[in-house]
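Scroll down for the structure; my scribbles are underneath it.
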Amino acid sequence: MNSLALATIATTILLIVAPEAESLGYGGRQQQPEFIDIDTNNDGLISKDEFETFHSDRQLRRAGQARLQRNAGDSLSLFEQLDTNEDGFISAEEFRARPSCKRSS
């Protein structure tokens, strides 16, 4: 096989494996999102729109991987739980104070 064919095969494998691998953390579990992943306009606050967009995009990615997501259709309720001061935004402090996602094994 020539080097071009090998490079094409390697690239194809990376395109198939990389999207799933990047979302997995220790033990094959999905990593929790970082604040900057959701605060797309970088204003230091997560709006309802940013939260819902992130949540729906994540749901679509997981559906493409044939994996379920907890709280799949409940982004507004989850947003309200995290917005502890009820100002309509999730601050970095509120985000860091969220309970960690615990899964039974």
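Structure values in brief
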{"read-out": "Label-point gap, in nm, between Asp87 and Asp49 - each point 7 angstrom along Cα→Cβ", "value": "1.9"}
{"read-out": "Estimated inter-spin distance, Arg96 and Ala63, nm [label 7 Å along Cα→Cβ]", "value": "3.5"}
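Any read-out appearing in this document is the output of simple, stated calculations on the displayed coordinates, not a laboratory observation. Only a predicted model underlies this, so the values are computations on that prediction, with no experimental measurement involved. Note that each Cβ is placed from the backbone with ideal geometry, even for glycine, and that neighbours are counted across all protein chains shown.
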